[in-house]
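Reviewing the structure listed below.
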Amino acid sequence: MTDNDITLLINSCDAYEDILDVFFELLHRFWPDLKYDIVLSTESLEYVNKYFSIKNVHPKDKKCSWSKRMYEALNTIESKQVLLLLDDFFIYDYVNGEEIKRCSEYLSKNEEVVNFTYWPILNGTEDAEIDGYFVRTENERYKITAISALWDRKQFMKYLENHEEDIWEFEVNGTIRSNTTYPNDKFLVLNHENNIIPYNFSKYGLISGKWFKDTVELFKKLGIEFDFEKRGIFNEALYGLNRSFISSFRIEPHIIPNYSTKSYNPVIYYNKVFQAGKFEFKFDLENAKDMVRVTLTEQRGFSVKNLKIEVSYSDGEKQDIDNDEIFGNYTIIDQDFIFNVGSSYICVPLCKNKKTTGILLKGESICPVDEKKLIEAYAKKTESNSQELIVLDRLFDFDKDADYLDIKNIELNPKLEKKDFIKRKKFINFYKYEFDINDRKEHIEQLILSNKCYYSIKGLKVTNDKGEVCRVDCVQPQCQNEYLCVISGTFGINIPENTKKIYVEFKLTNPIKKQLLAKSANLL
């Protein structure tokens, strides 16, 4: 592949003219050998940059939809592939240009592949033939997304042609088209261990025309002066009032029947779409145990009034579930259930002595929520971080047909934060590690065993060169003498004064059992 086979397409708008200079400043700084042609799509700007030669393209109708403007921009490009970036994808580290070329070569040889998405969206993915990537599966949400990606240009246009959609509608409806109209198309996505184009669209940049607060620190760190007062700083409590959430608001309920330690039913997707307003949906729950989790929508910033939940049993009895018996990622204000985080769900306990047959949910969804209530809900939600909810989320992520999650090839590459790892010895399932410590004062260091998820260790013991046992401050769920590393293996290690070495030993237990995970959060 040559540089002429890829065009860098940057999607912007006239209203964001004030951020373009800093966008290209970062692009120049962290991609110094960039040689692709650059196309900037706006309504009418004729932008000139001191670092790059830029071709400005505009739609025939300035008021046309996002999809039509994108289609017309792609139609002006001659290269076979386009690398799409949005104008506030502020790159904060060096771009791996060689990896983009490798993807380009693969894309050119595999006609069924539509794009490479350079953001680790991992739900429901399968390993791709090319190392470092997954294949997006049919049931995934946002298989098509407008985040950074290398596209086959004609394939991109195929998904845009003859559709009048904004950017958020394109992501939702384009994904539906990929599963129905074009079911053989493949979409590849970055795994969580790579970072080809370092940016973070949920941390740096703009949302609803205002700045994420972390952008201020990023620019300060990079020595970039910028006036943030003109646009102001975004209040994170008001995510639900962001236009992207409001415009694409849907209730698309699905349900996971139980978290039994013995058998799991598959996720049941309910295909009917409910707009804001009154709703009623019923699920069959044959063989469900212990509890069910109902996910109302992937959206946030909405509330449910007059929520009623009814569970049916095989003996004909119907049970109304009181609101104080359920839990989930919501906040209750004035009897309203406020959902201000993504993937809003409600967990409903079931009678353990009866066979469950179905569940009925009724209520009225309100979107958007009053600004005052959103802020109040956000404040309440951030007061605590429920370990029970975190662990419950992990339980529902398990393979629904197994009693445990079997992680193969757990990679233990331990390190002490800010310290150099010098030597390790491995004995089958028993591990010993040795670290060099040179500090004279007593302090705490972070021991990081792995960035993998879902494994556990037994008998963790840390000693120093004097034979003293060092205190371990666990930040993982613990059940008896077993630490459950459901996110990553990170522990706080107390280092006594004048320590020269510490020795870490433990036994790796893999796979982690669901029953232990449930017990650790008092769910069983």
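The values are calculated or read from the model by the stated rules, or taken from the named source; none is laboratory data. In this text, all values refer to a predicted model and were calculated from it rather than measured experimentally. Don't worry about glycine lacking a Cβ; one is built from the backbone with ideal geometry, like all the others, and counts go over all protein chains shown.
Being in a strand (DSSP E or B), crowded, with 17+ Cβ neighbours inside 10 Å and either hydroxyl-bearing (Ser, Thr, Tyr) or at pLDDT 75 or above (or both) narrows it down to one residue among 261, 215, 295; which is it?
295
Let's see how each residue does on (1) touching a Cys at 6+ places or on another chain (Cβ under 7 Å); (2) among the β-branched types (Val, Ile, Thr); (3) at pLDDT below 95:
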position: 20; (1), (2), (3): no, no, no
position: 25; (1), (2), (3): no, no, no
position: 33; (1), (2), (3): no, no, yes
position: 57; (1), (2), (3): no, yes, no
position: 61; (1), (2), (3): no, no, yes
position: 64; (1), (2), (3): no, no, yes
position: 69; (1), (2), (3): no, no, no
position: 75; (1), (2), (3): no, no, no
position: 82; (1), (2), (3): no, yes, no
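Taking the conditions exactly as written (over 29 Å from the mean Cα position of the chain (by Cα), at pLDDT below 85 and among the charged types (D, E, K, R)), does residue 286 satisfy them or not?
Here the answer is yes, as residue 286 does meet what is asked.
Go through segment 29-79 and give me each residue that's among the aliphatic types (A, V, I, L, M) and either in contact with a Phe, Trp or Tyr (Cβ under 9 Å, 6 or more places away or on another chain) or under 16 Å from residue 11 (Cβ atoms) (or both).
Once the filter is applied, which keeps residues that are among the aliphatic types (A, V, I, L, M) and either in contact with a Phe, Trp or Tyr (Cβ under 9 Å, 6 or more places away or on another chain) or under 16 Å from residue 11 (Cβ atoms) (or both), segment 29-79 yields 34, 38, 39, 40, 45, 54, 57, 70, 73, 74, 77.
Conditions tested, residue by residue: (1) without any contact (Cβ under 8 Å) to a residue 24 or more places away in the chain; (2) over 25 Å from residue 115 (Cβ atoms); (3) in contact with a helix residue (DSSP H, G or I) (Cβ under 6 Å, 6 or more places away or on another chain).
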site	(1), (2), (3)
5	no, no, no
8	no, no, no
13	no, no, no
36	no, no, yes
48	yes, yes, no
56	yes, no, no
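For residue 87, work out the one condition from (1) modelled with pLDDT of 95 or more; (2) in contact with a helix residue (DSSP H, G or I) (Cβ under 8 Å, 6 or more places away or on another chain); (3) not hydrophobic (A, V, I, L, M, F, W, C) it doesn't fulfil.
With (1) modelled with pLDDT of 95 or more; (2) in contact with a helix residue (DSSP H, G or I) (Cβ under 8 Å, 6 or more places away or on another chain); (3) not hydrophobic (A, V, I, L, M, F, W, C) applied to residue 87, the lone miss is (1).
I'm told residue 456 meets every condition in (1) small (Gly, Ala, Ser); (2) at pLDDT 75 or above; (3) surrounded by fewer than 18 Cβ atoms within 10 Å (Cβ to Cβ) except one. Can you identify the failing condition by its number?
So the condition that residue 456 fails would be (3).
In segment 319-356, how many residues are within 16 Å of residue 286 (Cβ to Cβ) and part of a strand (DSSP E or B)?
Count: 2.
Filter segment 46-71 down to residues that are more than 21 Å from residue 18 (Cβ to Cβ) and either of a type in the set (A, V, I, L, M, F, W, C) or not assigned by TED's automatic domain parsing to the domain that holds residue 159 (or both), then give me how many there are.
Final tally of qualifying residues: 2.
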